[in-house]
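Here the structure comes first, spelled out in structure tokens, and everything after it is commentary.
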Amino acid sequence: MSALATSGTGTPVMASAGEAWEEPGPRGRWPLALALALLIEATLLAALAWLGTHQAPPPPPPVEITLSQPKPLPKPVTPKPQPPKPHPKPQPKPRPHPVHPLPKPRPRPLPAPPPPRALIPPPSPQPAARPAMPVTPPPPAPPVPPQHPDLTATRLSFEGALREAIQAAVRFPEAARLMHVGGRVLVSFEFLDGKVSQVRVAQSSSVPMLDAAALAAVRDAPYPPTPAALASRSMRFRIWVRFHLENH
């Protein structure tokens, strides 16, 4: 059998059968009160610390509002009328001048070659005048060899044959032909029995390649046989060598 008893706080305490019931003393209440007091103190300290760090911000300063009077509107500016621009007068176009073609230059005729010089036999030596002395008469002068009556005509005819032979041996320079350059060269040389010597340019064509071609034609030309009246005679000839584009 258990008996129901009442504690000092008024709470009933069950007591089993065979056990004696005891009322709690002051030693059992002291630790509980101390813990409750520490809890309350810690809560107060935490509240004070939170209030110290989270203060309410100060109120904002008052804002002053000043009302200004409205500015008067500017007066509208009326644009001044501009005078009309003058229209440019049309200028007359210049009339084209007719272009007259220049007249083509006419080819100048080549001057005729100078006539060959005729060979004049040297005069026979005259005996020197001696003082009149009774001396033996001088020996008679050697007779002058008779000259061929047609020697001048023979030379002129032979000179024409030489000119034809030299002109036939002319080799027109290819560069001068492409450049359309022509002219003539006066060549002087000595002739003796089919052989030439002392060949030189007596009058240049102002084109070096034509001068060289004229000298080569005089040296390389196959000459005709020398007439009997001119055999063993050294003769100097001056012959024009011509370079015409229409012939090449």
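Where a number appears in this text, it was derived from the coordinates with a stated rule and is not lab data. Just so we're clear, the structure is a prediction, and the values are computed from it rather than from any experiment. Neighbour counts run over all protein chains shown; Cβ positions are idealised from the backbone, glycine included.
A few remarks follow.
- Per-residue extension of 0.36 nm, minus the Cα-Cα distance of LEU73 and THR152, leaves a gain of 15.7 nm for this segment.
- When ILE40, ILE166 are arranged by Cβ crowding within 10 Å, least crowded first, meaning fewest neighbours, the order is ILE40, ILE166.
- Partners of LYS195 within straight-line reach, counting lysines whose Cα lies under 24 Å from its Cα and excluding those fewer than 8 residues away in the same chain: none found.
- Ordering ASP211, ASP193 by the number of other Cβ atoms within 10 Å of each residue's own Cβ, fewest first, gives ASP193, ASP211.
- Order of GLU246, GLU41 under a 10 Å beta carbon neighbour criterion, fewest first: GLU246, GLU41
- By average C-beta atoms within 10 angstrom, highest first, the peptides 158-165, 238-245, 42-49: 238-245, 158-165, 42-49
- Around the Cα centre of region 170-240, unit charges on the Cβ atoms of Lys, Arg, Asp and Glu (plus for the first two, minus for the last two) sum to a dipole of about 120 debye.
- Kirkwood hydrodynamic radius of region 206-248, from inverse mean 1/r over distinct Cα pairs, in Å: 12.9
- Radius of gyration and Dmax over the Cα atoms of region 151-247, both given in Å: 13.9, 45
- The listed peptides 223-233, 73-83, ordered by packing as a protection proxy, come out as 223-233, 73-83 (highest mean of other Cβ atoms within 10 Å first).
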